[in-house]
Structures are given as C-alpha cells and as structure tokens.
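Beneath this line is the structure, given in structure tokens, with notes to follow.
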Amino acid sequence: MINKIALVGGTHGNETSGIQLIHNWQSSGFSDELASRFSSLDVSLTIANPDALSAHVRFVEEDLNRQFTLEGLDKPSNESTAKEAKLAKQLNQKFGPKGDSGTDLVIDIHNTTSNMGATLIILEADDFHVQLARFVKHNMPEANILLEDEKPYLEHGYLCTMGKRGVMIEVGGQPQGVLREDVYLLTQTMAEVILDFCQAYNTDSLEQYPECEVFRLGENIKFPLNEQGKRTAMIHHALQDNDFAPLIPGAPMFRTFDGKDIEWQEAQETYPHFINEAAYHKLDVAFATATRIML
Ligand SMILES: [Zn+2]
C-alpha cells in the first residue's frame, strides 16, 4: 500500500510552480472530485524551506536538496552547521527517518530553467517505478521520464529519499522566481497523475501498460573554460531548448566567443537535458547526458 504520501514544494525557494500548487491545495483543500479520486491516500502538503521562499532564493546557505545523505543526517549539528543541514534533520524526523521511513512516498516538486517540459525523475527501476513511469507516460504522453539510478537509492542526497520511495517532478522551462501558467498546469497534472497511480496501485486497478521511453542519466558536461577558469563558449543555439532531443556525433553543442563551433565528439548520440540550467551556473555545468532506453 502507498498510503502516507508527502507532497513537497519549495525545496528550492525560487521554484514557484510547486510552491503555488502546495499553497493552493493548502488553502482550498482537494476538490470533491480530487478527494474521491485519491480516497485511499493520506496526502500531506509541505513547503520545505520557508526561509528560502521569504528570501526569494534557491537556498539560504546550502542546497537543501543535497542534504539528505545518511552521513549528513547522522552528523550532530554545531554552530557552523548550515541552516539547510539543520532543516534536513527536522524534515527527516517528520517524514523519515531515511532508511526506515514512515512515509510511503515523497513527491518533491521542482522547476528548471531548461526546456525539459514535465519530467518525472525516478531513482530506481524496480517494478513499482517502472509501473509508475508507464502509467505517467500513458496518461500524460507529453511527459518525460528521467531515471537517475547511477547510485543506490539511499546514497542520493535528495529530499525525496527520506521516504520509503521518493520521486521528483521537474518542470520547465521557467525562469527562477517566475510563475508561468503552462508550467504550473503541467506541474499540477503530473502531481495528479502520480496520485492517480498510487490510488490505482492501492485498489489493484492498475492495467498493464506498454513499455515506455526512459532517459537514463549519464554524466554532467561542463562548459569549456580557459586557464583562469573563465568560460570560452556558450550553449550553441542548435542545442539550446532542445532538451531530450538526440545530440548526434558531429552536431554542435557550444559556440565559442570567437565564433567557432564545438561538436559532440562521442561515437554515440546522447540525450542532453538540464541544458543551460541557471542553478548549475556556479558549477559550470552546461548540460547532463542520457541514454534512451525502454522500460
Ligand atoms: Zn529545484
């Protein structure tokens, strides 16, 4: 049974879609229609980092969505412990504890400045998550499924991993701090479809859906830098906004400031995403790669 579900927004304080959805559902509650659709579910609604919301920033001291490692949660706090590290421990008491959680599923809602549309991020490819991915793709064909299983579930530092199971909704492209209607509606639809899945799972009414396309995370590709660590190129216009479209060998990915193209040199095509994501600016990450698989 997937009974206790934590729906979370505001893990990053400037990602407005999840924040607005949580606020709206907190103030008006589920409509009668939604309440009956989700009758087997006990859904809590939480804003994870209210201080970051007030300050209109992604985080105040450290990225909250990297604080949920078992080591980090175990470490005793002292004066130098970052705000978000302390906050992670509080949230973990409420919705975890990670590894032995009282919450069946954590759904954590994010926005990206990249043109990723509505993306469901899953961290495992077990039967539950494969069924979830197929259900979401069947009911929301425009959705993308991203699988980040490069390490075991419990080794991720993501907030959603404090649940027995955890997934993320990642919707873009939307500038930080801005609320776009199209992005909001995609966010709401994906949240509802995931809850529909849980309801169907609980009531044994899941159908067998066909295999679906899944993008499996590869690695981060950095911007080219000079010896001083300054960027020498920007994302090529042919790549910009083309998240999850194939980048084929020989196709341009960067344009240098002196007007030359830098091409994708690998032997295989890749499926870039988080292209030019604003939050990864400091890390000089240009995009992430993925392979396309069927699950
Ligand atoms: Zn985020």
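The values are calculated or read from the model by the stated rules, or taken from the named source; none is laboratory data. Since this is a predicted model, take the numbers as computed values, not measurements. Positions of Cβ are generated from backbone atoms using ideal geometry, with glycine treated the same way; all protein chains shown enter the neighbour counts. These area figures cover heavy atoms from the full protein model, side chains too; ligands, DNA and RNA do not enter into them. Shrake-Rupley method; radii C 1.70, N 1.55, O 1.52, S 1.80 Å.
Quick rundown of the values:
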{"item": "Label-point gap, in nm, between H138 and K151 - each point 7 angstrom along Cα→Cβ", "result": "3.4"}
{"item": "For the range 44-133, accessible area per residue (1.4 Å probe, heavy atoms of protein chains only), Å²", "result": "43"}
{"item": "Sulfur and carbon atoms: percent of accessible area, the range 217-294 [1.4 Å]", "result": "51"}
{"item": "Probe 1.4 Å, accessible area per residue of the range 141-289, Å²", "result": "49"}
{"item": "Accessible surface of D74 - all protein chains present, 1.4 Å probe, nearest 10 Å²", "result": "130"}
{"item": "Accessible-area composition of the range 82-213, carbon plus sulfur, in percent [1.4 Å probe]", "result": "45"}
{"item": "Helical contribution to [θ] at 222 nm, DSSP H n ≥ 4, -39,500 (n - 2.57), averaged over the chain, rounded to 500", "result": "-8000 deg cm²/dmol"}
{"item": "Helix 83-95 vs. the chain, principal-axis angle (Cα, 0 to 90°, nearest 10)", "result": "40"}
{"item": "Estimated FRET transfer efficiency when R0 is 25 angstrom, pair A55-Q90 (beta carbons, to 0.05)", "result": "0.85"}
{"item": "The range 217-294: C-alpha pair distances exceeding 14 Å, %", "result": "60"}
{"item": "Estimated distance in nm for a label pair at K260 and S28, the labels positioned 7 Å out from Cα along Cα-to-Cβ", "result": "5.6"}
{"item": "Accessible-area value, D196, 1.4 Å probe, nucleic acids and ligands omitted, Å²", "result": "40"}
{"item": "Dipole magnitude (debye, nearest 20) for the range 4-210, charges at Cβ of Lys, Arg, Asp, Glu", "result": "360"}
{"item": "Separation between Cα centres of the range 117-159 and the range 210-289, rounded to whole Å", "result": "22"}
{"item": "Accessible area of K222 in the full protein assembly, 1.4 Å probe (Å², nearest 10)", "result": "120"}
{"item": "Sparse-neighbourhood loop sites, GluC sites (Glu not before Pro) in the range 198-266 - DSSP loop, at most 15 other Cβ within 10 angstrom", "result": "E207, E211, E227, E266"}
{"item": "At most 11 other Cβ within 10 Å, DSSP loop - chymotrypsin sites (Phe, Trp or Tyr not before Pro), the range 189-260", "result": "F257"}
{"item": "Percentage of interatomic Cα-Cα distances in the chain larger than 37 Å", "result": "14"}
